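Scroll down for the structure; my scribbles are underneath it.
The values are calculated or read from the model by the stated rules, or taken from the named source; none is laboratory data. Note that the coordinates shown come from a computational prediction; the quantities given were computed from them, not determined experimentally. Ligands, DNA and RNA are stripped out before the accessible areas are found, and what is left, the full protein with its side chains, is counted by its heavy atoms. Shrake-Rupley method; radii C 1.70, N 1.55, O 1.52, S 1.80 Å.
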Amino acid sequence: VASNPNQPEVHLRPNAVVPYKSVAAVMAAAQRLGVTKIGMVGNEQFLK
């Protein structure tokens, strides 16, 4: 995705058993690789 000049959107959809720190680590790694259009959907489990 990062090497594509017209990057598609990347959406992470973690389930309820995934700790937030793991999701944040994946998002940070993707950004370090150059992914610019990344987000998380279904993050209600982190809003407690």
Practice prompt. Please go through the range 26-48 and pick out each residue that is modelled with pLDDT under 85 and either open to solvent by 100 Å² or more (accessible area, probe 1.4 Å) or part of a helix (DSSP H, G or I) (or both).
Written response: Glu44, Gln45, Phe46, Leu47, Lys48
Worksheet item: Looking only at the range 1-25, which residues are open to solvent by 80 Å² or more (accessible area, probe 1.4 Å) and not acidic (Asp, Glu)?
Response: Val1, Ser3, Pro5, Asn6, His11, Arg13, Asn15, Ala16, Val17, Tyr20, Lys21
